[in-house]
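Note sheet for the following structure.
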Amino acid sequence: MPTLDHLKQTLELYFQAVDSQKSAQPLDLTQPVLALEKLSQEPHPSWHPQLRHYMESRSYRKAWTWLQGSLPEKGSCSKPAP
C-alpha cells in the first residue's frame, strides 16, 4: 500500500520533470505520470477523502498543497467550464 511519504516523493519527481520541460535536457515525464496514475487508482485506505479526490481528479498541485498542510484554492478540479 502506498504511504503518504511515497506519494510526496512521487509528486516531487513529477513536478521536477514538469519544471524541466523547457530546459535543454528535460526529464522524462513517463514514469512519474504512470506512478501518479497508479496511486490515483489504488489510494491507501487511510488517505483523507479530500486527498483522494484531488488524486482522482488529477489535481496534483492541489494534492501537493494539501500534503504540505495548506488549503488549495477552490476550483473546478477538472470539471468542464459552464
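The table that follows gives values for the structure above.
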| quantity | calculated |
| --- | --- |
| Residue list for the stretch 18-71, restricted to those being under 17 Å from Pro2 (Cβ atoms) and basic (Lys, Arg) | Lys38, Arg52, Arg58 |
| Filtered residues of the stretch 39-57 (kept if more than 19 Å from Leu71 (Cβ to Cβ) and either free of Cβ contacts under 8 Å to residues at least 24 places away in the same chain or in contact with a helix residue (DSSP H, G or I) (Cβ under 8 Å, 6 or more places away or on another chain) (or both)) | Leu39, Ser40, Gln41, Pro43, His44, Ser46 |
| Residue tally, condition part of a helix (DSSP H, G or I) and more than 17 Å from Lys74 (Cβ to Cβ), over the stretch 15-51 | 20 |
| Qualifying residue in the stretch 68-79 (condition: at pLDDT below 95 and aliphatic (A, V, I, L, M)) | yes |
| Of all residues making up the stretch 18-34, the number that are surrounded by 11 or more Cβ atoms within 10 Å (Cβ to Cβ) and either charged (D, E, K, R) or closer than 14 Å to Trp64 by Cβ (or both) | 3 |
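The values are calculated or read from the model by the stated rules, or taken from the named source; none is laboratory data. From a predicted model like this one, the values you see are computed outputs, not experimental measurements. No Cβ is skipped: glycine too gets one built from the backbone with ideal geometry, and neighbour counts run over all protein chains shown.
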